[in-house]
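Q: Please find one structure pasted underneath; my questions will follow.
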Amino acid sequence: DDQDWVKDGIEHDIEDMNAIIDQFIDYARQDQQEATENVDLNKLIQELVNGRIMEPDHYIELNLEQLPNAKLRVVGIKRVLENLIENAFRYGSENICISTQVDHQTKSLICSIRDYGKGIPEHEIPFLFAPFTQGDKARGTVGSGLGLAISKRIVESHGGRMLFSNHSSGGLKAGFSLP
């Protein structure tokens, strides 16, 4: 009985390993088993933000332009959004801004999550999407290194692309475009 902390630690480690294995399986499957639905990306964002249990000091600003519906795999896109939001809070800042817009020139929907942290050196951004890679130097070492690799596969399976850049006023803009 006086060694319960050891049992608790082992159980916690097993849960962490299971989560990493689940992420790896999702990465290997490429998350393409879900059917597409004709949905409003803004509604998905609002559902995630409204249903999110927030830390007391966290705040999400929404700047959502009206968007046409798009054919999306809802669970996959929600996963991408959750990953980008979590990364913005974990590695960026306590306040973030989620924005959407239509790029009429490329006929695509753009979603970006901006944090107000340090950003990432430009030369490190392409490496963030490699499996088991993290932005260790600039943004910390928590996680398996699969979140952005999975997100990239989900976005690319929709015919889109990931968009990461440092904001001119500081922080990182992490997002994606979808046709």
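Quick note: the coordinates plus some simple rules give every number you see, no bench work behind them. Since this is a predicted model, take the numbers as computed values, not measurements. Backbone-built Cβ (ideal geometry, glycine too); neighbour counts: all protein chains shown.
Q: Cβ neighbours within 10 Å, averaged per peptide: list 48-56, 70-78 in order, most packed at the top.
A: Those peptides, ordered most packed to least, come out 70-78, 48-56.
Q: Show me the ranking of peptides 164-170, 36-42, 113-119 by mean Cβ neighbours inside 10 Å, starting with the highest.
A: Final packing ranking: 113-119, 36-42, 164-170.
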